[in-house]
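J.: Quick one: structure below, then a few questions.
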Amino acid sequence: MTIIGSPYHLFLLAIAVPIGMFFGAIPGLGGKLGIVLVIPFVFGMDAVAGALFLIAMHSVVHTGGSVPSILFGVPGTGPDAATIVDGLPMTRNGEAGRALGAAFGASGVGGVIGGLFLLALLPLLQPIVLAFSPAEFFLLALFGITLIAMLSGDSLVKGLMVGFFGLMIAFVKLDPQTGIERYTFGQLFLWDGVNIIAAVLGIFAIPEMIALGASGGSMAGDSKINASYGLKGVLRGIGDVFRHWGLTIRTSLIGAFIGMIPGLGGDAASWICYGHAAQSSKTPERFGKGAVEGVIAPETANNSKEGGSLLPTLFFAVPGSSGMAILLGAFVMLGIQPGPALALPENMDIVWILIWGLMLANVLAVLMFIVVAPGLGYLSYVRGNLLIPFVLLLTFLGAFLAIRSWENMVVLTALGVLGYFLKKYHWPRPPFVIGLILGPIAEDSFHKAMSLWGPAFLLRPGALVMIGLIVLTIGFYVYRLVSHKEKPEWLREDDD
Amino acid sequence: MTINSILNGRVATALVMLLIFLSMSLLALGFTEKARLMPLLIGIPGTVLGIIELFNEMRASVKAAASGDTSNDVSEAERAMFGWVIAFFLGILCFGFIYAGPLLVFSFMLAGKKESLKVGLISAAGTFIVVYGFFQNVMEIPLFEGLVIEWLLG
């Protein structure tokens, strides 16, 4: 704490935080590119300062990413896509300030809880990380997929179809088992699969811009009467985070736990937490229409998972996410060798510094954003005519930069047109992203588990716990259908 | 009741979704046993759900047509916006971000939304500064130059 409290290190934090938020806020840039671009600048620093700078920058990327998600429906980074589902409707309802406040507050609290989670788990980390085999991975992915039903709103058939569509799109790539081409039609850029950034931008951002252009007006629509884009709205949003303290803590812990498991990543964390928020709410029908809990849940998860993913990154040299993989390389360049040796008492200083740096950076990001948030909120009242061309250009730029391939823009346009019709005719779009993200994880781990244990993999203790969770989730949904008026469209007698 | 009154955007969306599942499932039959397992596991139920949804949508459309509801049709403003999305795509694809970006922003403002020349020019200049100045030069991110420009430059 003495080291991190030095003016020099605090100065570094104060520089790293806005840089990280900037990379998060610009679609297509993201934290990975940010780290890559600043590596030359930190290379000459001492290891502690350089690592602190990088971790601070990386840990607040998603805080910045929530801004375009909430204001324009354009996710700054992949994991921020879940924030759109309720963040954008809040903007449309004239609550941009509140949504931004909730996002920043949730990000800050999530980041701090993620750091505390890491601190608490330091003594237990090895058995927990090693307990996850392909069998548990498969069932965890399946658990995430069952959340599709929760996000389907009033039409289960449409929700399932969109979720399945996401899964089918996830199968567009070289088959991981046999290496044969699946739905790639000889296109090299599809060998690694459909890029998530392009798909998410297509399904969410393009339809929003078409709708805005077709209807005229601004992102906030005609909601000026109830507008809360000033500091008051932002503070109300931050207050919401603490009013829903149970949800905030739960989703922070779930996010940190998912972040700890290599291979699942931030996208899964934010969607699973969003699904959890909808599932545990007494009024799930508000979700997708501007429920503040729908902003809090993914935002806490986005930042808390960074704390969780530091665990395998630092102590097993197994990156918890792709961003952590680049961070791992940067640490090595700085002379920090991740691995079990870091857990030795003489090396723990650097671990403590990184954990405190991560938590301080999150708090600092919130303070910085509170100052600028009211100004950002006003952007939602800018006439659509002035916004649409810039957002469209930025969307195409984001899709291109994601894999530096122009073919990605074809995917973006095709999914954008389809996404608009899904939006217009009330097909829930969030299940698409869940399917797209969890599909490859489910398929890959299923084949691995089958090769290792055959069908008996379902009887492993961890797998049984996961099966229990899945059964509980489905049971809860069925119970809700039976007891609640929330009947899906296909079950209604007087269907329109 | 005519076919045209049932075939609106709502039904077409359900039909497209059904066709996606059907065609992907049929294509999967040509894969090896391991490679087709998951696509078929999802594709077949997806096709069945697609048929159910298409039926639901057709039923709803018949009711809507009978009551004179036209909200399921695609409006002129929507068609114009689709045109702009395609224009952005083709413009960037042919001439890249640096050239097409400012031009498209300018055209959208003036031709598409009848903004003033001053607003159009300022927006185009701002776009050029961000794309060329910031992304290309400050960040040193090589941007797509466009197929036509690449072809012209050899």
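The values are calculated or read from the model by the stated rules, or taken from the named source; none is laboratory data. None of the values given here were measured: they were computed from a predicted structure. Every residue, glycine among them, receives a Cβ derived from its backbone with ideal geometry; neighbour counts consider all protein chains shown.
J.: Hey, any hits in the range B:93-109 for a residue that's outside any helix (DSSP H, G or I), facing another protein chain (nearest Cβ under 9 Å) and in contact (Cβ under 8 Å) with a residue 40 or more places away in the chain? Walk me through it before giving the result.
T.: Step one: of the range B:93-109, the residues outside any helix (DSSP H, G or I) are none.
No: zero hits.
J.: Would you confirm whether or not the range B:44-51 contains a residue that is in contact with a Lys or Arg (Cβ under 9 Å, 6 or more places away or on another chain) and modelled with pLDDT of 90 or more?
T.: Of the range B:44-51, the ones in contact with a Lys or Arg (Cβ under 9 Å, 6 or more places away or on another chain) are B:49.
Within this subset, residues satisfying the condition of being modelled with pLDDT of 90 or more are B:49.
Yes - at least one qualifying residue is present in the range B:44-51.
J.: Considering the range A:420-446 alone, what residues qualify as being surrounded by fewer than 24 Cβ atoms within 10 Å (Cβ to Cβ), farther than 19 Å from A:F137 by Cβ and facing chain B (nearest Cβ under 8 Å)?
T.: Correct list: A:F421, A:L422, A:K424, A:Y425.
J.: Additional query: For the range B:17-33, enumerate the residues that are in a helix (DSSP H, G or I), more than 7 Å from chain A (Cβ to nearest Cβ) and of a type in the set (A, V, I, L, M).
T.: Residues satisfying the conditions are B:L18, B:L19, B:L22, B:L26, B:A28.
J.: Next question. Just the residues that are at the interface with another protein chain (Cβ under 7 Å from one of its Cβ atoms), surrounded by fewer than 19 Cβ atoms within 10 Å (Cβ to Cβ) and modelled with pLDDT of 85 or more, please, taken from the range B:64-81. Working first, answer last.
T.: Looking only at the range B:64-81, we keep the residues that are at the interface with another protein chain (Cβ under 7 Å from one of its Cβ atoms), and these are B:75, B:77-78, B:81.
Subset that is surrounded by fewer than 19 Cβ atoms within 10 Å (Cβ to Cβ): B:75, B:77.
Correct list: B:A77 only.
J.: Hey, another quick one. Quickly run through the range B:123-142 and pick out the residues that are touching a residue at least 12 places away in the same chain (Cβ under 8 Å) and either over 26 Å from B:G112 (Cα atoms) or more than 9 Å from every other protein chain (Cβ to nearest Cβ) (or both).
T.: Passing the criteria: B:A124, B:A125, B:F128, B:Y132, B:F135, B:Q136.
J.: Determine the pairs where a residue that is of a type in the set (S, T, Y), located within the range B:11-32, has a partner that is buried (at least 16 other Cβ atoms within 10 Å of the Cβ) with Cβ atoms under 6 Å apart, the partner being 6 or more residues away or on another chain.
T.: Qualifying pairs under 6 Å: B:T13/A:F421; B:T13/A:Y425; B:S25/B:G43; B:S25/B:T47.
J.: What is the number of the single condition among (1) more than 19 Å from A:F164 (Cα to Cα); (2) touching a helix residue (DSSP H, G or I) at 6+ places or on another chain (Cβ under 6 Å); (3) not aromatic (F, W, Y) that B:A64 does not meet?
T.: Unmet for B:A64, out of (1) more than 19 Å from A:F164 (Cα to Cα); (2) touching a helix residue (DSSP H, G or I) at 6+ places or on another chain (Cβ under 6 Å); (3) not aromatic (F, W, Y): (2).
J.: How many residues does the range A:178-197 hold that are modelled with pLDDT of 85 or more, in a helix (DSSP H, G or I) and aliphatic (A, V, I, L, M)?
T.: The qualifying residues number 2.
J.: Further question: Out of all the residues in the range A:254-269, is one or more buried (at least 24 other Cβ atoms within 10 Å of the Cβ) and modelled with pLDDT of 85 or more?
T.: There is at least one residue in the range A:254-269 that is buried (at least 24 other Cβ atoms within 10 Å of the Cβ) and modelled with pLDDT of 85 or more.
J.: Give all pairs with beta carbons closer than 8 Å in which a residue from the range B:49-63 that is within 7 Å of another protein chain (Cβ to nearest Cβ) meets a residue that is surrounded by fewer than 20 Cβ atoms within 10 Å (Cβ to Cβ) and not in a helix (DSSP H, G or I); count only pairs at least 6 apart in sequence or on separate chains.
T.: That search, which allows pairs on different chains as well, returns B:N56/A:D495; B:A60/A:D495; B:A60/A:D496; B:K63/A:D496.
J.: Right, next: For the range B:112-133, which residues satisfy the criterion of being under 19 Å from A:G398 (Cβ atoms) and not polar (S, T, N, Q)?
T.: Listed by number, the residues that qualify are B:G126, B:F128, B:I129, B:V130, B:V131, B:Y132, B:G133.
J.: Which one of A:L167, A:L139, A:L201, A:L147 is at pLDDT below 80, buried (at least 24 other Cβ atoms within 10 Å of the Cβ) and either charged (D, E, K, R) or within 22 Å of A:S270 (Cα to Cα) (or both)?
T.: Values: A:L167 fails: at pLDDT below 80; A:L139 fails: at pLDDT below 80; A:L201 fails: at pLDDT below 80.
That would be A:L147, the only listed residue that is at pLDDT below 80, buried (at least 24 other Cβ atoms within 10 Å of the Cβ) and either charged (D, E, K, R) or within 22 Å of A:S270 (Cα to Cα) (or both).
J.: Right, here's the next one. Considering only the range B:33-48, state which residues are surrounded by 21 or more Cβ atoms within 10 Å (Cβ to Cβ), over 18 Å from A:T178 (Cα atoms) and not hydroxyl-bearing (S, T, Y).
T.: The answer is B:I42, B:G43, B:G46.
J.: Condition first: among the charged types (D, E, K, R), assigned to a helix (DSSP H, G or I) and at pLDDT 85 or above. Can you find one or more residues in the range A:288-302 that meet it? Give the derivation first.
T.: From the range A:288-302, those among the charged types (D, E, K, R) are A:289, A:293, A:299; that's our starting set.
Keeping just the survivors that are assigned to a helix (DSSP H, G or I) gives A:293, A:299.
With at pLDDT 85 or above added as a condition, the list becomes A:293, A:299.
Checked the range A:288-302: at least one residue is among the charged types (D, E, K, R), assigned to a helix (DSSP H, G or I) and at pLDDT 85 or above.
J.: Would you pick out the residues in the range B:34-48 that are more than 7 Å from every other protein chain (Cβ to nearest Cβ) and over 29 Å from A:A205 (Cα atoms)?
T.: If the condition is that a residue be more than 7 Å from every other protein chain (Cβ to nearest Cβ) and over 29 Å from A:A205 (Cα atoms), then B:R36, B:L37, B:L40, B:L41, B:I44, B:V48 are the ones that fit.
J.: For the range A:437-466, name all the residues that are of a type in the set (V, I, T) and closer than 30 Å to A:D192 by Cα.
T.: Pass one, the range A:437-466, residues of a type in the set (V, I, T): A:437, A:441, A:465.
Those that are of a type in the set (V, I, T) and closer than 30 Å to A:D192 by Cα: A:I437, A:I441.
J.: Could you grab me the full set of residues in the range A:394-407 that are under 21 Å from the mean Cα position of the chain (by Cα) and in contact (Cβ under 8 Å) with a residue 40 or more places away in the chain?
T.: From the range A:394-407, those under 21 Å from the mean Cα position of the chain (by Cα) are A:394-403; that's our starting set.
Of everything in the range A:394-407, those that are under 21 Å from the mean Cα position of the chain (by Cα) and in contact (Cβ under 8 Å) with a residue 40 or more places away in the chain turn out to be A:L394, A:T395, A:L397, A:G398, A:A399, A:F400, A:L401, A:A402, A:I403.
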